[in-house]
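The values are calculated or read from the model by the stated rules, or taken from the named source; none is laboratory data. Everything quoted here is computed from the prediction, not taken from an experiment. Positions of Cβ are generated from backbone atoms using ideal geometry, with glycine treated the same way; all protein chains shown enter the neighbour counts. Heads up: the accessible areas ignore ligands, DNA and RNA and are worked out on the full protein's heavy atoms, side chains in. Shrake-Rupley method; radii C 1.70, N 1.55, O 1.52, S 1.80 Å.
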Amino acid sequence: MDIKEKILDAEKRIRPYVRETPLEYSYALKKMTGSEVYLKLENIQITGSFKARGALNKVLSLRNSDAKIVTASTGNHGLGVANALAVVNREGTIYLPEN
């Protein structure tokens, strides 16, 4: 399977569970860079970042697996994994720093 097929498979897998976030044209970055620049507004994603996409893809790909899901995070990745676990009604362990 080539990379394009992997990306398309992942997109199909996560599509029902993520928000379609818009692109916003940046006049300021165009002025600074001389390039056409669009910002992908993943801050309005379910968990507030793009990490929801990767976590969902991984957890959904393990849906029929008995693998234990364990991760460590200081923020966005942990939220993404927690959301993905909730989507598939599965338990996992997320380690966070005490501070």
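Data for the structure
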read-out: Any pair with Cβ under 6 angstrom, 6 or more apart, that starts in the stretch 59-79 at a residue that is under 21 Å from Asn99 (Cβ atoms) and in contact (Cβ under 8 Å) with a residue 24 or more places away in the chain and ends at one that is hydroxyl-bearing (Ser, Thr, Tyr) and part of a loop (DSSP other than H, G, I, E, B); value: Asn76/Ser49; Leu79/Thr47
read-out: Of all residues in the stretch 88-99 being at pLDDT below 95 and aliphatic (A, V, I, L, M), the one that is most open to solvent (accessible area, probe 1.4 Å); value: Leu96
